[in-house]
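A short worksheet on the structure shown next.
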Amino acid sequence: MNKSNLLKQIRAFFHTPKGIQTSLWLSFFVYWGGAAAVLPYIGVYYESVGLKGSQIGLLNSIPYFISMISSVVFAFLSDVSKQHKLILRLCAIGLIFVMAAFPSAYSFITFLPIVLIWSVINAPFNAILDETTLASLENPGNYGKIRVGGSIGWGLMVLVTGFLIDYINKGLNIIFYIHILLLLVFLLFTFSLPRGQKTLASSANKPSLKMVVEMIRQPGFIPFLLMIVVWGMGESAIGNFLFLHIKALGGNSTLMGTALSLSLIGEIFTFTIANKLHDRIGPHKMMLLSFLVLFAWLLGLSLIRVAEAIPYFQIFGGAGFALIQSGSVAYVNARAPKQLGTTAQAIRGGIMSGFGVGMGSLICGVIYETRGSVYLFRSMSYLVMVGFILGVGMYYSNHLRGQRHRS
């Protein structure tokens, strides 16, 4: 078989339903693998160049606040223009230049413009990949089987990155170069993604800002957004300060990577069975269950005093993210106008992983600097329980509303 025929067969494969799902799985794998090289270690990197806890919290919060707006803007442009692949490529190229600029910054002031630009152009990846996946599936409940590629990529690369930091003596700058390499691979995969969103092709109604407002005003949508804000705030403690907690307990970078990788066991398993959970208990109960997992995770971390014990405890923790991600994606997908699928997912992600995690980063940075990581995890576990109670109230309110509607 010559090279030309092989390339034709590969192209033909990526136009089949299985090939499309494979390209999406690989896109999630590569994107989140690249993110895993930077995001978990960025707090340690900031501290290594002399930044204080409050400065680390502020820098970590900026991407979340900015993405809350920029992700929705990019997503709306994607819905209107139907050029989601072009937007992904432009953002990936921009992100490569930003990663290359990070090693030249050594103070809070010099990091600030780099982080601001990073925040803007990193925003649309999640919403576009999520909606492209939902639009390509006959059964949106199978979203978790595709999204698990990102979890595997994250778990593998966070472990590899930690090992490389400790054993090849190139310093923490290596995190940015690994991300650049994987962004280049991601660019290649964008050429095999589905061309357009099938829901838009058959729709006579064009996306509009009025449709966005009407979607947000649906009964139960605002309480849903409040609930996932609380979840994002709780998760920010782990996302931004777990590695500093391990460092304070005497752990090294390899242990940090191992701890985060083992958390992916629960995440991968839960994403794999998410379609079954969706059919059995529904999106809302999946989200409620995620709060209980996150509460136990935070409380457990506050009680552990030996760094080497943390990886064993991490194994179940990642299930919380898979539950909130799968449940909230399905919840929004069921309520969003089909013409605004990407925008709706961007609002969901912007509120939870933008505003929620951003607010959490600011609060957690101050708590970490003044009281330490043990107090930080303990206090955030109590906040997560408040979110669980809010979610229970929202569930019964929706249930009563549905009963009145049926009667």
Of these, 351, 310, which one is under 16 Å from residue 259 (Cα atoms), of a type in the set (A, V, I, L, M, F, W, C) and either part of a helix (DSSP H, G or I) or at pLDDT 85 or above (or both)? 310
May I ask you to list the residues in segment 87-125 that are outside any helix (DSSP H, G or I) and not hydroxyl-bearing (Ser, Thr, Tyr)? 105, 122, 123
Whichever residue in segment 262-291 is of a type in the set (S, T, N, Q) and buried (at least 22 other Cβ atoms within 10 Å of the Cβ) and, among such residues, is modelled with the lowest pLDDT: 263
Residue list for segment 188-225, restricted to those being surrounded by 15 or more Cβ atoms within 10 Å (Cβ to Cβ), at pLDDT 75 or above and either among the aliphatic types (A, V, I, L, M) or not in a loop (DSSP other than H, G, I, E, B) (or both): 189, 190, 192, 193, 211, 212, 215, 221, 223, 224, 225
Only one of (1) of a type outside the set (Phe, Trp, Tyr); (2) touching a residue at least 60 places away in the same chain (Cβ under 8 Å); (3) more than 30 Å from residue 132 (Cα to Cα) fails for residue 305. Which number is that? (2)
Specify which of the listed residues (327, 317) is part of a loop (DSSP other than H, G, I, E, B) and in contact (Cβ under 8 Å) with a residue 40 or more places away in the chain. 317
Scanning segment 9-49 residue by residue, those outside any helix (DSSP H, G or I), in contact (Cβ under 8 Å) with a residue 12 or more places away in the chain and farther than 20 Å from residue 98 by Cα turn out to be 14
Just need a number here: residues in segment 65-94 that are hydrophobic (A, V, I, L, M, F, W, C) and either on the phi > 0 side of the Ramachandran plot or exposed (fewer than 15 other Cβ atoms within 10 Å of the Cβ) (or both). 3
Which condition number in (1) over 30 Å from residue 140 (Cβ atoms); (2) part of a helix (DSSP H, G or I); (3) among the charged types (D, E, K, R) is the one that residue 305 fails? (2)
Just one of 111, 97 is buried (at least 20 other Cβ atoms within 10 Å of the Cβ) and among the aromatic types (Phe, Trp, Tyr); which is it? 111
Flagged in segment 226-249 as surrounded by fewer than 23 Cβ atoms within 10 Å (Cβ to Cβ), of a type in the set (A, V, I, L, M) and more than 18 Å from the chain's Cα centre (by Cα), in numbering order, are 244, 248, 249
The one condition in (1) in contact (Cβ under 8 Å) with a residue 40 or more places away in the chain; (2) surrounded by 16 or more Cβ atoms within 10 Å (Cβ to Cβ) that residue 252 fails to fulfil: (2)
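The values are calculated or read from the model by the stated rules, or taken from the named source; none is laboratory data. As the structure is a computational prediction, the values presented were derived from the model and not from experiment. Note that we place each Cβ from the backbone using ideal geometry, even for glycine, and neighbour counts take in every protein chain shown.
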